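Q: Let me begin by handing over the structure; questions about it come next.
The values are calculated or read from the model by the stated rules, or taken from the named source; none is laboratory data. Fair warning: this is a prediction, and the values are worked out from it, not measured in the lab. Here the Cβ is made from the backbone with ideal geometry for all residues, glycine too, and neighbour counts use every protein chain on show. Areas reflect the complete protein model, heavy atoms only, side chains present, ligands, DNA and RNA absent. Shrake-Rupley method; radii C 1.70, N 1.55, O 1.52, S 1.80 Å.
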Amino acid sequence: MKNSLNPEPSGSKRRIGRLRHWFARRRRTIAAHMLRGTCYGIGTGAAGLGFWWIEWWAEHH
């Protein structure tokens with residue numbers, strides 16, 4: 001028997017609940033991928049800046 005005081009969640013609330021559950025189960029994996037991407041980005045930026053500086057230095061000396 002259905003309880004009228006606690007109606008079932010609507011479609012959007014159900015979707016948000018499923019999304020929260022999905023995110024909670026994969027939080028560590030998502031964080032690891034974000035950290036990995038940040039490290040790759042920093043490394044790529046540092047390498048690009050280093051090569052830019054070498055080219056600039058070679059032109060001015």
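Q: Checking the conditions here, which among Glu8, Glu59 is acidic (Asp, Glu), part of a helix (DSSP H, G or I) and either open to solvent by 100 Å² or more (accessible area, probe 1.4 Å) or modelled with pLDDT of 95 or more (or both)?
A: Going through Glu8, Glu59 in turn, just one is acidic (Asp, Glu), part of a helix (DSSP H, G or I) and either open to solvent by 100 Å² or more (accessible area, probe 1.4 Å) or modelled with pLDDT of 95 or more (or both): Glu59.
Q: Among Gly17, Gly48, which is the only one that is surrounded by 10 or more Cβ atoms within 10 Å (Cβ to Cβ), at pLDDT 95 or above, in a helix (DSSP H, G or I) and not aliphatic (A, V, I, L, M)?
A: Matching residue, one of Gly17, Gly48: Gly48.
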